[in-house]
Amino acid sequence: MKLYCLSNDLAKSCFVVSFKERLFMLDCGLTEQTVLNFLPLPLVQSSKLSTLPNYPPFLEIKECCGRTFIDSAPEFGTPSEKMVDFSEIDVIFISNYLNMLALPYITEGTDFKGTVYATEPTLQIGRFFLEELVEYIESAPKASSASFWKDMLNLLPPPLSDAYKPKNWKQIFTMKDVNNSVARVKIAGYDEKLDILGVLQATPVSSGFCLGSSNWVLTTSHEKICYVSGSSTLTTHPRPINQSALKHADVLIMTGLTQAPTVNPDTKLGELCINVAMTIRNNGSCLIPCYPSGVVYDLFECLTQNLENSGLANVPMFFITPVADSSLAYSNILAEWLSSAKQNKVYVPDDPFPHAFLLKNNKLKHYKHIYSEGFSTDFRQPCVVFCGHPSLRFGDAVHFIEMWGNNPNNSIIFTEPDFPYLQALAPYQPLAMKACYCPIETSLNFQQANKLIKDLKPGVLVIPEQYTKPHPSTPTLCIDQPVSNKNSLSICNQKNPYPPSKIKKSSHLNAGK
């Protein structure tokens, strides 16, 4: 067996396993942090952004608030094509909808001829994410396309000078690419045993992270390989993690641990509710940049209850995304993918998520865009607005920052850990509105991961190199080194792509040799 790491993004992974002369891809995550190097795409022309000075001698680089930004359509980091020929990939296994956003680049942008497997919620919600991304960027198109700067990194200041492989960055795909790509995906159910080319059996098992998220178990008569990505042992709305299926693997590949290892999600959720209530009492409005699915469902539930307890039940909440209708409706028909508590509500019958009740009672209103029919009539302040994109480089959030940014009574609260919030806000400075960082990250932290590893007892543990290094703020935050002679640890990274290493039946892996 050989394993290649095609992504340098710990949260949006992509691996390829070469096994019995077949190639299997594990996830195809898209690195979106690259868009932070680009200027925002406003829905209406911004006098500030349109008059920024150039950074000589680059006409395509602009200076803004003491930093440099690319004045071009945003570009994304895609899985590396240099290690593996994508036309030879036989199967792609997707673990969750956050890790399938590079799929159109692979299925439509290369000679890929293989099969893609994912659970139904992963496919449908992943489609929402892809459609939203395309609509956001196409709604505010940039005429220019910058590339000259990529050949002159040494002349640029940080962070552009430190950009990771910018020549591999790509502009967004089209809606046609999205439709063609998702049409290739085959649906798999939890615990369903799939025969893969007669080589092995693949089984998706619940990972507990988000709706439809799965860990993959690949087995033959003599080997067992488990891929753990984006997992959670917390009690939230998805079905709990299935740990028993992951035990005693010959090889356990673990990635997708928390991006906010020093914070408690419950504590941050409480802080968010307090900050929203304080903002409203100061006659300000609150902007919460979000994705079209996921944590935002929990925010609707907790925030509504908190506002009612604070005597602010009449404060309107708006959910604005091109896929608002689809996302809200779809989340209420997913009984088999939910926790038992949510399932019981379905069987009563009742709606599993409270946003159905909120919508019926006009406590939560949803629109595709700020210019959708009825929005200007219904919109009133103070209010709470949920909209995207969390990067603040495109989408309706750009408009609200420009509209509310000069008022210190307003606030913006970041809940998604994917983007450093100070970098996201950089092109909007100076900004008077308050900024709060409340990352609500439910994936495994290092303590939970260490406990899970001990319980699963893998023969070989494969993890990204960064997980073995202590966190800057807390030295104890890292994956423990195995102490038993029966176990071994292997490191992977993209710079030294997991050297082709053989896994024998003895379950011993000589990484790097």
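The values are calculated or read from the model by the stated rules, or taken from the named source; none is laboratory data. All values derive from a computational prediction rather than experimental measurement. Note: ideal-geometry Cβ built from the backbone for every residue, glycine included; neighbour counts use all protein chains shown. When the accessible area is computed, the model is the full protein with side chains, heavy atoms only, and any ligands, DNA or RNA have been set aside. Shrake-Rupley method; radii C 1.70, N 1.55, O 1.52, S 1.80 Å.
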Only one of Leu49, Leu23 is at pLDDT 95 or above, outside any loop (DSSP other than H, G, I, E, B) and either surrounded by fewer than 21 Cβ atoms within 10 Å (Cβ to Cβ) or out of contact with any Gly (no Cβ under 9 Å at 6 or more places or on another chain) (or both). Can you tell me which? Leu23
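Can you find a residue that is out of contact with any Lys or Arg (no Cβ under 9 Å at 6 or more places or on another chain) and in contact (Cβ under 8 Å) with a residue 60 or more places away in the chain anywhere in the range 67-76?
Residues of the range 67-76 that are out of contact with any Lys or Arg (no Cβ under 9 Å at 6 or more places or on another chain), as a first pass: 67.
Applying the additional criterion that residues be in contact (Cβ under 8 Å) with a residue 60 or more places away in the chain yields 67.
There is at least one residue in the range 67-76 that is out of contact with any Lys or Arg (no Cβ under 9 Å at 6 or more places or on another chain) and in contact (Cβ under 8 Å) with a residue 60 or more places away in the chain.
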Looking at Thr220, Thr235, Thr262 in this structure, which one is in contact with a strand residue (DSSP E or B) (Cβ under 7 Å, 6 or more places away or on another chain) and of a type in the set (S, T, N, Q)? Thr220
Report, by residue number, each residue of the range 398-415 that is within 10 Å of Leu287 (Cβ to Cβ), open to solvent by 60 Å² or more (accessible area, probe 1.4 Å) and outside any helix (DSSP H, G or I). none
Condition check: in contact (Cβ under 8 Å) with a residue 12 or more places away in the chain, under 20 Å from Ser46 (Cβ atoms) and either open to solvent by 10 Å² or more (accessible area, probe 1.4 Å) or of a type in the set (Phe, Trp, Tyr) (or both). Does Ala424 satisfy that? no
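Could you tell me how many of the residues in the range 104-117 are open to solvent by 10 Å² or more (accessible area, probe 1.4 Å) and in contact with a Pro (Cβ under 8 Å, 6 or more places away or on another chain)?
Selection size over the range 104-117: 2.
When you look at Leu359, is it open to solvent by 30 Å² or more (accessible area, probe 1.4 Å), outside any loop (DSSP other than H, G, I, E, B) and either under 28 Å from Tyr97 (Cα atoms) or modelled with pLDDT under 80 (or both), yes or no?
Numbers: open to solvent by 30 Å² or more (accessible area, probe 1.4 Å): yes; outside any loop (DSSP other than H, G, I, E, B): yes; either under 28 Å from Tyr97 (Cα atoms) or modelled with pLDDT under 80 (or both): yes.
It is true that Leu359 is open to solvent by 30 Å² or more (accessible area, probe 1.4 Å), outside any loop (DSSP other than H, G, I, E, B) and either under 28 Å from Tyr97 (Cα atoms) or modelled with pLDDT under 80 (or both).
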Name the residues in the range 259-311 that are modelled with pLDDT of 95 or more, open to solvent by less than 20 Å² (accessible area, probe 1.4 Å), polar (S, T, N, Q) and assigned to a loop (DSSP other than H, G, I, E, B), would you? Ser285
Every residue in the range 151-174 that is under 19 Å from Cys64 (Cα atoms) and part of a helix (DSSP H, G or I), please. Leu153, Leu155, Leu160, Ser161, Asp162
Got at least one residue in the range 94-103 being surrounded by 21 or more Cβ atoms within 10 Å (Cβ to Cβ) and part of a strand (DSSP E or B)? no
Hey, any hits in the range 143-157 for a residue that's open to solvent by 40 Å² or more (accessible area, probe 1.4 Å), at pLDDT 90 or above and among the small types (Gly, Ala, Ser)? no
Mind counting the residues in the range 71-90 that are within 12 Å of Val16 (Cα to Cα), open to solvent by less than 40 Å² (accessible area, probe 1.4 Å) and part of a loop (DSSP other than H, G, I, E, B)? 5
Could you please let me know if Val315 is in contact with a strand residue (DSSP E or B) (Cβ under 7 Å, 6 or more places away or on another chain) and touching a residue at least 24 places away in the same chain (Cβ under 8 Å)? yes
What pairs come up if the first residue lies in the range 453-472 and is touching a residue at least 60 places away in the same chain (Cβ under 8 Å) and over 20 Å from Leu26 (Cβ atoms), the second is part of a loop (DSSP other than H, G, I, E, B) and open to solvent by 10 Å² or more (accessible area, probe 1.4 Å), and their beta carbons are under 6 Å apart, counting only those six or more places apart or on different chains? Lys457/His248; His471/Pro261; His471/Leu477
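Got at least one residue in the range 183-192 being of a type outside the set (Val, Ile, Thr), within 30 Å of Phe446 (Cα to Cα) and open to solvent by less than 10 Å² (accessible area, probe 1.4 Å)?
Of all residues in the range 183-192, those of a type outside the set (Val, Ile, Thr) come to 183-184, 186, 188-192.
Going one step further and asking which of them are within 30 Å of Phe446 (Cα to Cα), we end up with 188-192.
Filter once more, keeping what is open to solvent by less than 10 Å² (accessible area, probe 1.4 Å): 188.
Within the range 183-192, one or more residues are of a type outside the set (Val, Ile, Thr), within 30 Å of Phe446 (Cα to Cα) and open to solvent by less than 10 Å² (accessible area, probe 1.4 Å).
Regarding the range 118-134, can at least one residue be identified that is surrounded by 18 or more Cβ atoms within 10 Å (Cβ to Cβ), closer than 30 Å to Ala324 by Cα and small (Gly, Ala, Ser)? Steps first, answer last, please.
As a first pass, look at the range 118-134 and keep what is surrounded by 18 or more Cβ atoms within 10 Å (Cβ to Cβ): 118-119, 121-134.
Of the ones still in play, those that are also closer than 30 Å to Ala324 by Cα are 118-119, 121-134.
The next check asks that each one be small (Gly, Ala, Ser); those that pass are 118, 126.
For the range 118-134, residues surrounded by 18 or more Cβ atoms within 10 Å (Cβ to Cβ), closer than 30 Å to Ala324 by Cα and small (Gly, Ala, Ser): present.
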Within the range 371-387, the residues that are in a loop (DSSP other than H, G, I, E, B) and either more than 12 Å from Ile320 (Cβ to Cβ) or at pLDDT below 95 (or both) are Tyr371, Ser372, Glu373, Gly374, Arg380, Gln381, Pro382
Output for the range 251-303, where each listed residue is over 23 Å from the mean Cα position of the chain (by Cα) and among the small types (Gly, Ala, Ser): Ala277, Gly284, Ser285
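Can you work out which of the residues in the range 427-453 that are touching a Gly at 6+ places or on another chain (Cβ under 7 Å) and of a type in the set (A, V, I, L, M, F, W, C) is least open to solvent (accessible area, probe 1.4 Å)? So that I can check it myself, show each step before the final result.
From the range 427-453, those touching a Gly at 6+ places or on another chain (Cβ under 7 Å) are 428, 431-433, 443; that's our starting set.
Next cut, of a type in the set (A, V, I, L, M, F, W, C) only: 431-433.
Values: Leu431: 40, Ala432: 45, Met433: 9 Å².
Ranking the qualifying residues of the range 427-453, first place goes to Met433.
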State which residue is nearest to Val205 (Cα to Cα) when the search covers only the range 165-194 and only residues that are in contact with a strand residue (DSSP E or B) (Cβ under 7 Å, 6 or more places away or on another chain) and aromatic (Phe, Trp, Tyr). Tyr190
